[in-house]
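The values are calculated or read from the model by the stated rules, or taken from the named source; none is laboratory data. The structure presented is a predicted model; accordingly, all values stated were derived computationally and were not measured. So basically every Cβ, Gly included, is an ideal-geometry build from the backbone, and we count neighbours across all protein chains shown.
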Amino acid sequence: MSRRARVDDIHATARAMPYVTVLRPEKNPVYQVGGKSFVFFRTPRPDAVDPETGERYDDVVVLWVASEGDKQALLQDERLPFFTTAHFDGHPSVLLRASRVGELERDELVEVVEEAWLAQASARRGRAWLESRSLTS
């Protein structure tokens, strides 16, 4: 079992993936591969609010997924802190509050970030990365 995840693990994993560029690295970074975002730290928006206070969440991270099935698998696993809002209906991504990252194991979070990269990388880059890790048949 790995240690509990930290927000720094999101940044470290995203930066470690090949062909990554970072927009706005100082505040609300956006990680991209081939000009496509795969992880980004969102500014507070009216669609993600605390149900008790109505305050906008100021720590939402958006992570791409490969398919609606992958999205639903993450959302339906009650032990995972991923969520979505109506704003993201039909969008291939899940949301995660930075304040809840520690509810995940580091290895789980790394896998989600790597999968986010794969969802947005070109097929050629994705295959090359998988092959470099001996993850293709």
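Can you name the strands (runs of 3 or more DSSP E) wholly within segment 1-107 that have at least 3 residues being surrounded by 14 or more Cβ atoms within 10 Å (Cβ to Cβ) and β-branched (Val, Ile, Thr)?
Counting at least 3 such residues, we get 60-64.
Take the residues of segment 10-67 that are closer than 28 Å to residue 125 by Cα and of a type in the set (S, T, N, Q): which is modelled with the lowest pLDDT? Looking at residues that are closer than 28 Å to residue 125 by Cα and of a type in the set (S, T, N, Q), I get 28.
Assuming residue 111 fulfils every condition listed in (1) assigned to a helix (DSSP H, G or I); (2) at positive phi apart from one, which condition is it? So the condition that residue 111 fails would be (2).
Look at segment 113-131: where a residue is without any contact (Cβ under 8 Å) to a residue 24 or more places away in the chain, no partner that is loosely packed, with under 15 Cβ neighbours inside 10 Å and in a helix (DSSP H, G or I) sits 6+ places away or on another chain with Cβ atoms under 8 Å.
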